[in-house]
1. For THR47, THR126, THR112, give the ranking by accessible area with the largest first, probe 1.4 Å.
2. In region 1-38, which trypsin sites (Lys or Arg not before Pro) fall in coil by DSSP and have 16 or fewer other Cβ atoms within 10 Å?
3. Do any GluC sites (Glu not before Pro) in region 3-36 lie in a DSSP loop with no more than 16 other beta carbon atoms within 10 Å, and if so, which?
4. Read phi for every residue in region 23-32 and hand back ³J(HN,Hα) as whole Hz from Karplus 6.51 cos²θ - 1.76 cosθ + 1.60, θ = phi - 60°, with x for Gly and Pro.
5. Given only helices, namely DSSP H runs of n ≥ 4 each adding -39500 (n - 2.57), what is the per-residue ellipticity at 222 nm of the chain, to the nearest 500 deg cm²/dmol?
6. Using the Karplus curve 6.51 cos²θ - 1.76 cosθ + 1.60 with θ = phi - 60°, work out ³J(HN,Hα) for each residue of region 108-116 in order, rounded to whole Hz, and write x for Gly and Pro.
7. If you count only protein heavy atoms with a 1.4 Å probe, what accessible area per residue comes out for region 29-154, rounded to a whole Å²?
8. Calculate what fraction, in whole %, of the accessible area of region 47-119 sits on carbon and sulfur atoms when a 1.4 Å probe is rolled over the protein chains.
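The values are calculated or read from the model by the stated rules, or taken from the named source; none is laboratory data. Fair warning: this is a prediction, and the values are worked out from it, not measured in the lab. No Cβ is skipped: glycine too gets one built from the backbone with ideal geometry, and neighbour counts run over all protein chains shown. SASA here: full protein model, heavy atoms, side chains in, ligands and nucleic acids out. Shrake-Rupley method; radii C 1.70, N 1.55, O 1.52, S 1.80 Å.
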Amino acid sequence: MMDENPTVVFVRPREVVIESRQKPAPGAGELLIKTRCTLISTGTELTILSGEFPERSAWARYGKFPFVPGYDNIGEVVEVGPAVDPAWIGQRVGTYGPHARYVIARASFARTIPQSISDEHASFFTIAEIVMNGVRRGKVRWGEAAVVYGLGLL
């Protein structure tokens with residue numbers, strides 16, 4: 001029996017559908033998460049959807065159609081797989097899951113979200129990670145000046 005799991009799919013450039021897929025089951029070390037909110041990337045995801053990227057670019061590894069987009073998923077853990085602490089159930093987490101009602105994520109990659117942060121604000125966690133990785137890799141220290149080229153949303 002097919003459990004309803006609406007999932008956004010880019011079937012080809014400039015064509016998006018919502019498919020009803022099987023509700024996934026968590027394996028060892030995994031969480032089953034019911035999505036509360038996702039964030040669409042106006043950079044990565046819309047570039048892939050456009051299909052307008054060089055075949056020999058970093059985009060090409062993602063731009064295979066059909067493509068299931070998404071990497072800013074906020075949801076609630078509803079089930080855990082074998083060898084996962086059941087205390088995860090009921091936790092609100094951020095993961096790299098797709099735009100789907102139910103997603104699977106490794107427990108070791110899930111980020112718990114404090115109650116004081118809304119789902120909508122938490123969905124920007126990947127943007128924060130990208131910025132912080134840039135600061136760390138650039139070895140910028142408090143009080144130093146830096147120039148950012150091509151800032152965009154970041």
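1. Correct descending sequence by accessible area is THR112, THR47, THR126.
2. Qualifying residues, ordered by number: ARG14.
3. When the GluC sites (Glu not before Pro) of region 3-36 are filtered for loop state and at most 16 Cβ neighbours within 10 Å, GLU4 remain.
4. 3J(HN,Hα) across region 23-32, in whole Hz: 5, x, 10, x, x, 4, x, 10, 10, 9.
5. Here the helix-only value at 222 nm equals -4500 deg cm²/dmol.
6. Listing the rounded values in order: 5, 9, 7, 10, 6, 10, x, 4, 6 Hz.
7. Spelled out: the 1.4 Å probe surface of region 29-154, per residue, equals 65 Å².
8. Whole-percent figure for carbon plus sulfur exposure: 55.
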